[in-house]
Amino acid sequence: MIINTDNDLIQTYGSPPSRSIEDITEIVIHHTAGGGSWRGLKSWFTSKTCERKDQFKRFIGFTHYYIEKNGTIFQPFNLDSWMYHSCSGKHDKKTIGIELIHNTGEFPEEQIDALVNLVEHIYKTCPIMQIVSHDYNYMYYSGKAKGCPSKWFNWSEFESKLEEKGIKPVIKSFSGA
Ligand SMILES: [Zn+2]
């Protein structure tokens, strides 16, 4: 598995607040609700006219990883830094955010396999206790949901692929939209 690190968001917004790897206990799965590529997403993140720039400056809405439909993984932020991405406030200090670039329809197998490999890698590095949907945290901490990572994400397929790798994850897959 190749993880492509990319420093462009740090060059634009600076480094997010730091944390210790031992404090990371949760993985949050997102989808972008938009198609395209990491390159396209990044050019929006970093454009001068980006309408969410004020949020991004406060590290609201970024995740650690982005996975394209073909399974290519990009990492703009190190795991020893944290950002707000799951509508759970400071709880995100304990989480890793993974964004699947996806709008609608079935997720390609390449993308899910890359996610599974990435999660396996994270399990080797961090004391993960559970994997949740963005909607799970949004509902648990803020009483709302937005349909992330969408009804198309197949949690049971994801779980069985992890089990094939010897990982028995605790999954909270609430979907509110
Ligand atoms: Zn999300």
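Values in this text are rule-based calculations from the coordinates and carry no lab data. Model, not experiment: these values are computed from the prediction. Neighbour counts are summed over all protein chains in view; Cβ atoms, including those assigned to glycine, are modelled from backbone coordinates with ideal geometry.
Of all residues in the stretch 151-177, those satisfying the criterion of being in contact (Cβ under 8 Å) with a residue 12 or more places away in the chain, charged (D, E, K, R) and either more than 13 Å from Val28 (Cα to Cα) or exposed (fewer than 14 other Cβ atoms within 10 Å of the Cβ) (or both) are Lys151, Glu157, Glu159, Lys161, Lys165.
Just one of the listed residues (Lys48, Lys69) is free of Cβ contacts under 8 Å to residues at least 24 places away in the same chain, assigned to a loop (DSSP other than H, G, I, E, B) and either more than 16 Å from the ligand (Cβ to nearest atom) or in contact with a helix residue (DSSP H, G or I) (Cβ under 6 Å, 6 or more places away or on another chain) (or both), and it is Lys48. Listed by first and then second residue, the pairs with beta-carbon distance under 7 Å, at least 6 apart or on different chains, first residue in the stretch 130-145 and without any contact (Cβ under 8 Å) to a residue 40 or more places away in the chain and over 15 Å from Ala177 (Cα atoms), second away from the ligand (no atom under 12 Å from the Cβ) and part of a helix (DSSP H, G or I), form an empty list.
Against the definition (hydroxyl-bearing (Ser, Thr, Tyr), under 15 Å from the mean Cα position of the chain (by Cα), farther than 15 Å from Thr25 by Cα and within 16 Å of the ligand (Cβ to nearest atom)), how does Ser133 come out, yes or no? No; evaluated as a whole, the condition is false for this residue. Every test in (1) within 16 Å of the ligand (Cβ to nearest atom); (2) in contact (Cβ under 8 Å) with a residue 40 or more places away in the chain; (3) not polar (S, T, N, Q) is passed by Gly105 save one, and that test is (1).
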